[in-house]
Amino acid sequence: MVRIAVVDIDLCRPSKCNRECYRFCPGTKTGRKIIEFIEGRKHPLIHEDTCLGCGICIKKCPYNAITIVNLPDELERGCVHRYGPNGFKLYKLPIPKQGKVTGVIGKNGTGKTTSIRILAGEIKPNLGLIEQEPSWDEILRFFRGSELQTYFKKLVNGKIRVVHKIQYVDKVPRIVKGYVGKLLERVDERGLLKDIVDDLRLKPILDRKLSQLSGGELQKFLIAAVLAKDADLYLFDEPSSYLDVFERIRVARTIRNYTLKYGKSVIVVEHDLAVLDYLSDSIHVIFGVPGVYGIVSNPYGTGVGVNNFLEGFLPDLNMRIRSEPIKFRIKPPTTTWPSEKRILAWTKIVKKLNGFTLSVEEGYAHRGEIVGILGPNGIGKTTFIRILAGELQADEGTVYSFVKGEGVSVSYKPQYITQIFSEDNTVRNVLEKANREALTPGSWLHHDVIVSLGVNKLYDRYIGELSGGELQKVAIAACLIRNANIYLLDEPSAYLDVEERLAVAKAIKRVVEQREAVAFVVEHDLIIQDFLADTIMVFRGKPSIEGIALKPMNLRDAMNIFLKDLGITFRRDPRTYRPRVNKEGSYLDREQKRLNEYYYVSI
């Protein structure tokens, strides 16, 4: 049995807790020194070889900074890398395949980015040896007999070139300066830049400075820069973030077009299951405990790999990675809402803003209804949400409620969340301000929102210390625990992994059901919309010029309209019933387009 002890240095505050873990550890009484506080270290050192695994230090730590897990001895032979004593451990690596796109899926914090940075040569794998860095000869012996031995041998000898599209695109303008067009010309090694720019629709931003680009424009710029370089392996870390559905599919098509037909290898880390399904030929599932350890599975076919991940069981390893499977509906409901259930209504709305005009068809929303909102960026989705929230006034038309007594109350989670909380506030304070009762263990809000989203583990963290995903979950939790009739959530899945997205969807469903409220959810992840929404509002038009919002309609009709605009077709997976994107030009894709059934053919 291998024991892994991890101390989160961001959470550990020994000066404030008087070193509770050390004071109560049985090892301090026997002289075995299981826990030590070494001079110069800001957190304790737990000796894994002498640790009893009693869990006392975990329970005594007031900041949830300590994690101890037991793993089989044979797994240790697959340890590829460790981040220092009591740091994160990664086991195994994804395998690049020539002429194929390999997808990587898993929770945040389980080593997806670490694994592709190792494959890129940015991190030298230490094989778990902290005190003495192994030589490349030792590393090659470690991978002996596998495809990775050949890969690393070529990488070390300079016979293979790798380019890497990083995850955090917002960091690029701090390092790289200049105009988009000039920067792209500088990296054009394949002579394909003009075609790549056309396919990604980058022409309007070629004369702009990098510092002036939005998140989505930066994402496409980086993807274009990576594809313009001549390499053997292309690594893409979360290429769909900041992009709307139309851009995600366009990016996926472009990546396949400029890599596979040239015999290149591609590895993609992605949380959007529809994009991953569309893009990948095979999939590795990374599982483990976030921030503690991650294990890379064997490669699976795309459909099998995603289904195994959703079901939470890897049959070849006989490993359960989740306590319960994630299930989709066989057929989306076509609910007929009675008029007495109406909670909100709006007449035809027109709003003009900075040269953009939004027109919204009149419609209704009902108690217990979740209205999904789909459309490209710049088409007026956030403008409509802000009108419902009362932040903007419509130029024409009105919004009115059917709530009697005190009237309608609204809880709003905006798209951009970095400025909505004070950085020197703790998570506990933020949540208590939203609804103190929700923090009481035993209440349904505590179980279905606070615990299910994992924000209870962040109580003592300051807002300014949180990652993007952690801040997103806190903002969603604060929105959902407020007492309201109407919940407005603008892009709640940003920065979240697949499991977190589905946990958020379940929490929204539970709150809407329990409070007989209505939720409007702007979301670009089609799988999440299918899982979550009862009805859909489709936004069409010309981005930044004109937006036309259709009234809420049943999921099948709305998705059929939207997917037709998108040019792709979905089918239902017979095993998990999740929507799957048909490969363009396949028999099913052609047949569904002929039948005008873009969403799925009836089962």
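So here's what we get for this one:
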{"read-out": "Modelled FRET efficiency - R0 56 Å, residue 393 with residue 59, Cβ distances, 0.05 increments", "value": "0.55"}
{"read-out": "Unit charges on C-beta of K, R, D, E only; dipole of the chain, Debye", "value": "500"}
{"read-out": "Gyration tensor (alpha-carbon) shape descriptor, the chain, a/c threshold 1.5", "value": "oblate"}
{"read-out": "DSSP loop GluC sites (Glu not before Pro) with at most 16 other Cβ within 10 Å: longest gap in the chain", "value": "190-360"}
{"read-out": "Of 43, 221, 284, farthest towards positive along the dipole that unit charges on Lys, Arg, Asp, Glu beta carbons give the chain", "value": "284"}
{"read-out": "Å² per residue, accessible surface of the chain at 1.4 Å", "value": "44"}
{"read-out": "Over 21 Å (Cα to Cα) - which of 60/457; 229/261; 60/506; 433/506 fall in this group", "value": "60/506; 433/506"}
{"read-out": "Straight-distance crosslink candidates among aspartates and glutamates, where the alpha carbon sits under 19 Å from residue 351 and sequence neighbours closer than 8 are dropped", "value": "361, 362, 391, 395, 396, 490, 546"}
{"read-out": "Anchor residue 112: lysines whose Cα lies under 18 Å away (excluding residues fewer than 8 positions away in-chain)", "value": "89, 92, 97, 124, 165"}
{"read-out": "Given charges at Cβ of Lys, Arg, Asp, Glu: the chain dipole, positive-most of 191, 156, 601", "value": "156"}
{"read-out": "Of all DSSP beta bridges in the chain, antiparallel share, percent nearest 5", "value": "50"}
{"read-out": "Under the Karplus curve 6.51 cos²θ - 1.76 cosθ + 1.60, θ = phi - 60°, whole-Hz ³J(HN,Hα) for region 520-536, x wherever Gly or Pro sits", "value": "10, 10, 7, 8, 8, 7, 5, 5, 5, 4, 5, 6, 9, 6, 8, 9, 10"}
{"read-out": "Isolated Cys residues of the chain, judged by Cβ distance under 4.7 Å to other cysteines", "value": "12, 17, 25, 51, 54, 61, 79, 479"}
{"read-out": "Cα gyration tensor shape of region 266-347, rounded if a/c is under 1.5, else prolate or oblate by comparing a/b with b/c", "value": "prolate"}
{"read-out": "Signed unit charges on C-beta, dipole axis of the chain, positive-most listed residue 443, 262, 55", "value": "262"}
{"read-out": "Carbon/sulfur fraction of accessible area - region 395-546, other protein chains in place, 1.4 Å, %", "value": "46"}
{"read-out": "Relative contact order of region 483-567, defined on C-alpha pairs under 8 angstrom at six or more residues apart (%)", "value": "25"}
{"read-out": "Total charge dipole magnitude, region 242-393, about the Cα centre, Cβ charges on Lys, Arg, Asp, Glu only, Debye to nearest 20", "value": "360"}
{"read-out": "Only Lys, Arg (+1) and Asp, Glu (-1) charged, at Cβ; region 389-457 dipole about Cα centre in debye", "value": "340"}
{"read-out": "Region 552-603: C-alpha gyration tensor shape, a/c 1.5 cut-off, then a/b vs b/c", "value": "oblate"}
{"read-out": "Per-residue [θ]222 nm for the chain (sum of -39500 (n - 2.57) over DSSP H runs n ≥ 4, rounded to 500)", "value": "-8500 deg cm²/dmol"}
{"read-out": "Region 428-437 - phi-based ³J(HN,Hα) in whole Hz, Karplus 6.51/-1.76/1.60, Gly and Pro as x", "value": "4, 5, 4, 6, 5, 5, 6, 5, 4, 5"}
{"read-out": "Euclidean distance of C-alpha centroids, region 441-458 and region 129-159, integer Å", "value": "44"}
{"read-out": "Value of relative contact order over the chain, rounded to a whole percent, pairs C-alpha under 8 Å and six or more apart", "value": "13"}
{"read-out": "Separation of alpha-carbon centers, region 266-284 and region 469-485, rounded to whole Å", "value": "29"}
{"read-out": "Cross-link reach list, aspartates and glutamates versus residue 33, counting only Cα pairs under 13 Å and skipping chain neighbours closer than eight places", "value": "48, 49"}
{"read-out": "Low-density loop cleavage sites - chymotrypsin sites (Phe, Trp or Tyr not before Pro) in region 132-191, where at most 14 other Cβ are within 10 Å (DSSP)", "value": "168"}
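The values are calculated or read from the model by the stated rules, or taken from the named source; none is laboratory data. Bear in mind the structure is a predicted one, so any value in this text is a computation, not a measurement. Because the Cβ atoms are built from the backbone with ideal geometry, glycine has one as well, and the counts that use them run over all protein chains shown. For accessibility, only protein heavy atoms count, side chains too; no ligands or nucleic acids. Shrake-Rupley method; radii C 1.70, N 1.55, O 1.52, S 1.80 Å.
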